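Right, one structure below, let's go through it.
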Amino acid sequence: MKKIFFLLPIAILFFNQLSCQLKSYSVQKDTICLADSCIRPFQFFPNQKWGYINSDGIIVIPAMYDFASNFHNGLAFVELDKKKFYITTQNKNAFGKYFAYANDFNEGLAFVGQKKGKDLLFGVIDKTGKLILPYNYLAGSHFEEGIAVVTNKKGKAVYIDTTGKVLFHHKPDYLLSNYSKESGLFLLEKSMGRFKSSKYGYINLEGKEIIKPQFEYAHGFKFGLAPVRKDSLYGFIDNKGKQRIPFIYNSVDRFYEGLAMVKKGSLYGYIDSSGQYKIQPIYTYATHFSEGLAFVMIGDKRSFIDHEGKDIILIPSDWDYIENEFRRGTTGVYINKKNCLINKQGKVVFIFL
C-alpha cells in the first residue's frame, strides 16, 4: 500500500510530557481521518493563513487560505485572493466556480451570492454545486430542519422551505428562531412594547401561536422538551406548553446527547428527559456535552467527564485556558503561553507557536 509522508512545518510541533520536538510521520493513507467529524481549520499566525488539521494532529490541507470554514457534508468554503469557493477534503475546488458570497452547507444546501449589477443577490446550491433556488433574494443564511429565513426583493423577510415555497411572512413584532421539526414549532420572541421586556412562546409553520408568549426566557425544543424561565426559575415544557420538568432551577441548558446541564443553588449537575439526575449536582461550573464529554469544575479541579460523570481528562493546574468544548475530536488549551490542541485522551497533538 502506498504511504503518505507528512513533515509538519516548524510552526507546528508535537510534544510528549510537554517537551517539544519536531517529528515527521509516516502514515498509511487509509488511516488518515478526512471525515467532517475530525477536521478543523487552523490559522498559521506568522502569515495569517488558514489550513486544516485532523484530530491526530496531522495537517491535511496546508495553511494557504485567507479564510477557511468548517467542513460540512464533505465541503468547506474558503477565501483566497478575495475569491470565495468550496473545497473538498482533498483540497480541490469542488465546483470549479467562484462566488461573491458563500456560507456553510447545512442539510446538504448552502446559500451563495452573486453580483447582479450593484446588487448582491442570494440563491441556494446543493452538494453538487447545482443552483436549486435562483438568485432572487437580498439575504439568506442557512436551512435548519428544512426551513430558512430570506429577504425577498421587496425587502420583506419570509420563511421558505427547500423548494422556495413561502411558508409565512415575518411579523414586525416577532423574532423567530430555533425551528424544531420534531415539535413543528419555532421559538417566538414577541415585543411587548416600549420599555417592556419581551415574552417568549412558540409558533407553528402556519404562523399560529401554539404556546402563547408568556415566558421570561426560552430556547428551542430538543428531545421533545424546551427550557423556559418563569418567575425567575427554569423548567422544561413539552410542545403543548405543559410542564414536564418543574421550575426549580436557577439555570439550565438545552438537552445535548440526552442530558441537560442544570444549576440548583450554586451547584451544577445533569438530568435526563424525565428530570432525574444522571450526574449529581456537585460541580461549581459545568458546560453541555459535546462529542461525549463535558467540561466541569469542582473548585480549582478541572476535568472533562463522560455521561456517567467519570473523569476522563484531568486538566493540570498550569494549563491556563480551556476551550471547554470538544469539536471535531480536539479542544483548545493554553500551555506555557502557547495555544495547543488536545485529543480526547488528553494528549497534546498540536502546538501553535
**Message:** For the range 78-106, give me each residue that is touching a residue at least 24 places away in the same chain (Cβ under 8 Å) and either of a type in the set (Ser, Thr, Tyr) or closer than 15 Å to residue 150 by Cβ (or both).
**Reply:** 86, 89, 103, 106
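Yes or no, residue by residue, for (1) in contact with a strand residue (DSSP E or B) (Cβ under 7 Å, 6 or more places away or on another chain); (2) among the charged types (D, E, K, R); (3) crowded, with 16+ Cβ neighbours inside 10 Å; (4) at positive phi:
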{"position": "64", "(1), (2), (3), (4)": "yes, no, no, no"}
{"position": "69", "(1), (2), (3), (4)": "yes, no, yes, no"}
{"position": "83", "(1), (2), (3), (4)": "no, yes, no, no"}
{"position": "105", "(1), (2), (3), (4)": "yes, no, yes, no"}
{"position": "112", "(1), (2), (3), (4)": "yes, no, yes, no"}
{"position": "116", "(1), (2), (3), (4)": "yes, yes, no, no"}
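Please note which strands (runs of 3 or more DSSP E) are completely contained in the range 265-353 and include at least 3 residues that are over 18 Å from residue 251 (Cβ atoms). Let's see the steps before the verdict.
Details: elements: 267-271, 277-283, 294-298, 301-305, 311-314, 319-322, 331-335, 338-342, 348-352.
Ranges flagged: 301-305, 311-314, 319-322, 331-335, 338-342, 348-352.
Here's the yes/no breakdown for (1) closer than 23 Å to residue 288 by Cβ; (2) of a type in the set (Phe, Trp, Tyr); (3) in contact with a Ser or Thr (Cβ under 9 Å, 6 or more places away or on another chain):
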| residue | (1), (2), (3) |
| --- | --- |
| 175 | no, no, yes |
| 179 | yes, yes, no |
| 184 | no, no, no |
| 202 | yes, yes, yes |
| 211 | no, no, no |
| 238 | yes, no, yes |
**Failed condition for residue 154, given (1) under 29 Å from residue 49 (Cβ atoms); (2) assigned to a loop (DSSP other than H, G, I, E, B)** = (1)
**Request:** Report whether or not residue 333 is of a type in the set (A, V, I, L, M, F, W, C), crowded, with 18+ Cβ neighbours inside 10 Å and touching a Cys at 6+ places or on another chain (Cβ under 9 Å).
**Result:** yes
**Positions within the range 263-277 being under 16 Å from residue 223 (Cα atoms) and surrounded by 15 or more Cβ atoms within 10 Å (Cβ to Cβ), in sequence order** = 270, 271, 272, 273, 275
**Request:** Those residues that are within 17 Å of residue 177 (Cα to Cα) and under 20 Å from the mean Cα position of the chain (by Cα), I need them from the range 226-254; list them, please.
**Result:** 226, 227, 253, 254
**Asked** Quick one: how many residues across the range 236-264 are touching a residue at least 24 places away in the same chain (Cβ under 8 Å), assigned to a loop (DSSP other than H, G, I, E, B) and of a type in the set (Lys, Arg)?
**Response** 1
**Prompt:** Only one of these conditions is not met by residue 153: (1) closer than 25 Å to residue 107 by Cβ; (2) free of Cβ contacts under 8 Å to residues at least 12 places away in the same chain. Which number is it?
**Reply:** (2)
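Picking from 222, 199, which residue would you name as being in contact with a Phe, Trp or Tyr (Cβ under 7 Å, 6 or more places away or on another chain), in contact (Cβ under 8 Å) with a residue 40 or more places away in the chain and of a type outside the set (Gly, Ala, Ser)?
The match here is 222.
Please determine, by comparing only the residues of the range 198-226 that are touching an Asp or Glu at 6+ places or on another chain (Cβ under 7 Å) and surrounded by fewer than 18 Cβ atoms within 10 Å (Cβ to Cβ), which one is farthest from residue 260 (Cα to Cα).
In the first step, residues of the range 198-226 are kept if they are touching an Asp or Glu at 6+ places or on another chain (Cβ under 7 Å); the result is 198, 200-201, 203, 221, 224-225.
The next check asks that each one be surrounded by fewer than 18 Cβ atoms within 10 Å (Cβ to Cβ); those that pass are 198, 224.
Values: 198: 25, 224: 13 Å.
Step by step, filter the range 198-226, then rank; the result is 198.
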**Residues within the range 163-192 that are closer than 16 Å to residue 210 by Cβ, modelled with pLDDT under 85 and out of contact with any Phe, Trp or Tyr (no Cβ under 8 Å at 6 or more places or on another chain), tallied** = 2
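One line per residue, one yes/no per condition, for (1) aromatic (Phe, Trp, Tyr); (2) over 21 Å from the mean Cα position of the chain (by Cα); (3) surrounded by 15 or more Cβ atoms within 10 Å (Cβ to Cβ):
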residue	(1), (2), (3)
38	no, no, yes
44	yes, yes, yes
77	yes, no, yes
89	no, no, yes
**Fill in**
Only one of (1) closer than 14 Å to residue 273 by Cα; (2) touching a Leu at 6+ places or on another chain (Cβ under 6 Å) does not apply to residue 205, and that is (1)
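The values are calculated or read from the model by the stated rules, or taken from the named source; none is laboratory data. Given the structure is predicted, the values throughout are model-derived calculations rather than measurements. As a convention, Cβ positions derive from the backbone with ideal geometry for all residues, glycine included, and neighbour counts pool all protein chains shown.
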